[in-house]
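Take a look at the structure below.
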Protein chains: 2
Amino acid sequence: MEVLSEAIAAKGLRRSRQRDAIARTFFVMGGHVPVEALVEAVRRQEPGVSVATVYRTMKLLADVGLAVPRDFGDGRARYEAAHRRHAHSHDHLVCTGCGRIAEFESHQIEALQRRLARRHGFEVERRHVELYGRCAGCRAAGKGADAA
Amino acid sequence: MEVLSEAIAAKGLRRSRQRDAIARTFFVMGGHVPVEALVEAVRRQEPGVSVATVYRTMKLLADVGLAVPRDFGDGRARYEAAHRRHAHSHDHLVCTGCGRIAEFESHQIEALQRRLARRHGFEVERRHVELYGRCAGCRAAGKGADAA
DNA sequence: TCCATATTGATAGTGATTCTCAATAACCGA
DNA sequence: TCGGTTATTGAGAATCACTATCAATATGGA
């Protein structure tokens with residue numbers, strides 16, 4: 001939150017009740033927050049907040065580096081707090097049954113990818129890695145390969 | 001194209017001038033074709049084809065396994081012919097400067113991912129891997145990290 | 001050729017996100 | 001503390017890509 005104030009000040013922007021509420025709620029929620037869910041949560045604190053403001057604020061947090069946009073292919077934007085756990089990027093496992101998300105990190109994979117990219121002349125700036133599959137629970141529940 | 005006829009027949013579906021034109025055009029175009037571009041190209045052959053039909057046909061090709069949907073995060077769907085090059089999945093390098101796309105494949109990376117997924121109880125069904133960065137050309141052109 | 005029905009095209013509808021713009025509220029200085 | 005400049009907000013319209021609807025049409029087998 002302090003980083004946010006500083007970033008806002010540094011850009012000649014202003015704080016606001018809404019902005020604070022959105023950021024605070026977002027960081028408290030944790031995980032991979034769909035904007036829609038964030039709107040709902042924020043409104044429990046600040047009833048009038050509009051979706052536009054939430055979208056705007058999350059984009060701001062992303063610009064400042066405090067949030068990372070995630071896209072799990074279901075058509076709605078999610079954000080994840082940037083400080084969580086590792087300094088480096090981590091990849092995601094998305095359960096196609098229950099939607100549960102697990103994270104993992106592998107310097108080895110990253111190194112391999114970087115190397116292969118270089119071989120094609122590319123310098124990697126951003127990675128987008130998700131593996132979709134069934135978590136243990138859903139497999140145990142006997143849900144077929146396509147949801148029951 | 002033969003595979004397509006068979007698949008269509010096997011499903012009790014019918015061929016049509018539009019379907020043929022769309023499939024043929026798609027395979028001729030090659031690469032990672034945005035639906036929008038495909039519509040344009042097809043209409044040079046069959047002027048009246050509607051976007052709905054193109055979307056429907058591409059979904060059909062995907063169902064049948066002849067096309068693979070790709071999502072490069074720019075909000076429009078692309079399809080890639082499934083037969084191209086490798087039998088297995090390949091990953092993509094997307095240049096943030098010129099949009100050029102390179103492909104690479106690494107059994108080692110796939111194996112590592114599968115192993116890490118298992119460690120979290122996941123069984124991988126589908127992978128979604130793109131690396132965004134600058135290709136050699138764009139870096140040489142001195143375009144800064146954010147397009148000039 | 002005829003018919004049952006798969007397919008199509010035009011368009012309305014969706015769902016998520018962004019834009020517009022007048023009203024409001026933050027910050028800064030006096 | 002008060003004011004003024006101007007960033008921010010909220011409501012709803014607008015976009016954008018894609019899907020559903022449905023009457024008209026075309027396909028493939030009998």
Report yes if residue A:43 is among the basic types (Lys, Arg) and under 18 Å from the mean Cα position of the chain (by Cα), otherwise no. no
Within region B:1-12, which residues are loosely packed, with under 12 Cβ neighbours inside 10 Å and part of a helix (DSSP H, G or I)? B:2, B:6, B:9, B:10
Does region A:52-65 contain any residue that is more than 11 Å from chain B (Cβ to nearest Cβ) and away from DNA strand C (no atom under 14 Å from the Cβ)? yes
Considering only helices (runs of 4 or more DSSP H) fully contained in region B:29-132, which possess at least 3 residues that are farther than 23 Å from residue A:75 by Cα and open to solvent by 50 Å² or more (accessible area, probe 1.4 Å)? B:107-119
Select from region B:13-28 the residues that are surrounded by 14 or more Cβ atoms within 10 Å (Cβ to Cβ) and within 10 Å of DNA strand D (Cβ to nearest atom) and write down the one among them that is farthest from the other protein chains (Cβ to nearest Cβ). B:20
Checked against (1) on the phi < 0 side of the Ramachandran plot; (2) within 13 Å of chain A (Cβ to nearest Cβ); (3) modelled with pLDDT under 95, residue B:86 satisfies every condition except (2)
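The values are calculated or read from the model by the stated rules, or taken from the named source; none is laboratory data. Bear in mind the structure is a predicted one, so any value in this text is a computation, not a measurement. Don't worry about glycine lacking a Cβ; one is built from the backbone with ideal geometry, like all the others, and counts go over all protein chains shown. Accessible surface areas use protein heavy atoms only, side chains included; no ligands, DNA or RNA. Shrake-Rupley method; radii C 1.70, N 1.55, O 1.52, S 1.80 Å.
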